[in-house]
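Visitor: Encoded as structure tokens, here's the structure I'll be asking about.
The values are calculated or read from the model by the stated rules, or taken from the named source; none is laboratory data. The structure displayed is predicted, hence computed values, not measured ones. Here the Cβ positions follow ideal geometry from the backbone for every residue, glycine too, while neighbour counts run over all protein chains shown.
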Amino acid sequence: MKKLLKQIKNKIRYWLINLSTPSNEKISFDTFSLYRAHGSITYRGVLYSKCPFDYVLYQMILREVDPDLVIEIGTNIGGGALYLADLMDISGHGMVHTIDVEKKSDALAANHPRIKLFTDGWENYDLNEAKKYSKILVIDDGSHFAESTLGAMKKFAPLVSVNSYLIVEDGIINALQLSKLFNGGPIKAINDFLPTNQDFIIDRKWCDFFGKNATFNVNGYLKRVK
Ligand SMILES: C[S@@+](CC[C@H](N)C(=O)[O-])C[C@H]1O[C@@H](n2cnc3c(N)ncnc32)[C@H](O)[C@@H]1O
């Protein structure tokens, strides 16, 4: 009898818990919802359209590599450059060279002492600008067209230090069914680049950190290994 009473009590408790559980606790997000939201992400109030997973990975990578120069292709409003420069402030050294084809950077980025803006496209960046730096990391976040991405990769890869990264952003466009618009986009560029550039490997540590290619930089964390 005691046992039966206990069972009934437990059943009632279970019903009550279920009754009080709001139905909106359902979890639902995917690549498309992340993509929609990422376009509104800001850093210090400046637009920084970044997948939140990659946001976290960047600060870990910067901590690990500790570069004295980050070259960012594609400045846009400057949120990314600002984030990188602030991280460098914490480590106490380093510069960000951020390149675009337009002058649209927010003043917070434009006036940051660790940021140098270039507005003439990656094609016209003078590699001598990077000469005095010893540990260099490069991010391609430019047009995302396959040919342009591959061109930038070929130009900047020799600058990347051993054990540092050439990060190719936004291969996610394939999963979003947008790759045709970019002639194959970053993933085509990566696939064309790797067979003839064996100093680089895809670093699965970062690509798969949150799950298999749970990143917008699909197969895009390229580590220079030799
Ligand atoms: C995705 S946005 C960059 C976002 C930025 N990295 C951030 O974190 O906020 C791409 C930028 O690449 C720029 N771009 C396009 N072609 C370029 C080129 N040839 N050289 C440098 N930047 C280019 C565009 O003007 C645009 O501002």
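Visitor: Looking only at the stretch 63-79, count how many residues are within 14 Å of the ligand (Cβ to nearest atom) and over 12 Å from Leu108 (Cβ atoms).
Guide: Matching residues across the stretch 63-79 total 7.
Visitor: Which one of Leu194, Leu127 is out of contact with any strand residue (DSSP E or B) (no Cβ under 6 Å at 6 or more places or on another chain), closer than 14 Å to Tyr221 by Cα and either at pLDDT below 95 or more than 14 Å from the ligand (Cβ to nearest atom) (or both)?
Guide: Leu194
Visitor: Of the residues Ile187, Ile172, Ile136, which is in contact (Cβ under 8 Å) with a residue 12 or more places away in the chain, touching a Cys at 6+ places or on another chain (Cβ under 8 Å) and not polar (S, T, N, Q)?
Guide: Ile172
Visitor: Further question on the same structure: Does the stretch 153-163 hold any residues that are under 15 Å from Ala130 (Cα atoms) and within 18 Å of the chain's Cα centre (by Cα), and which are they?
Guide: Residues satisfying the conditions are Phe156, Ala157, Val160.
Visitor: Ok, one more. Tell me, which residue of the stretch 80-101 that is of a type in the set (Ser, Thr, Tyr) and surrounded by fewer than 24 Cβ atoms within 10 Å (Cβ to Cβ) is nearest to the ligand (Cβ to nearest atom)?
Guide: Within the stretch 80-101, the match that is nearest to the ligand (Cβ to nearest atom) is Tyr83.
Visitor: Go through the residues of the stretch 77-92 one by one and say whether even a single one is among the β-branched types (Val, Ile, Thr) and more than 26 Å from Gly151 (Cβ to Cβ).
Guide: Yes; the residues of the stretch 77-92 include at least one that is among the β-branched types (Val, Ile, Thr) and more than 26 Å from Gly151 (Cβ to Cβ).
Visitor: Taking Thr98 and the conditions (1) farther than 23 Å from Asp203 by Cα; (2) in contact with a His (Cβ under 6 Å, 6 or more places away or on another chain), which numbered condition does it fall short on, given that it satisfies the others?
Guide: (2)
Visitor: Among the residues of the stretch 102-122, are any in a helix (DSSP H, G or I), within 11 Å of the ligand (Cβ to nearest atom), touching a Phe, Trp or Tyr at 6+ places or on another chain (Cβ under 8 Å) and farther than 30 Å from Phe29 by Cβ?
Guide: For the stretch 102-122, residues in a helix (DSSP H, G or I), within 11 Å of the ligand (Cβ to nearest atom), touching a Phe, Trp or Tyr at 6+ places or on another chain (Cβ under 8 Å) and farther than 30 Å from Phe29 by Cβ: present.
Visitor: Of all residues being out of contact with any Pro (no Cβ under 6 Å at 6 or more places or on another chain) and of a type in the set (S, T, N, Q) in the stretch 130-157, which is farthest from the ligand (Cβ to nearest atom)? Just the residue, please.
Guide: Out of the qualifying residues, it is Ser134.
Visitor: Does the stretch 39-58 include one or more residues that are within 16 Å of the ligand (Cβ to nearest atom), acidic (Asp, Glu), surrounded by 14 or more Cβ atoms within 10 Å (Cβ to Cβ) and within 20 Å of Ala130 (Cβ to Cβ)?
Guide: no
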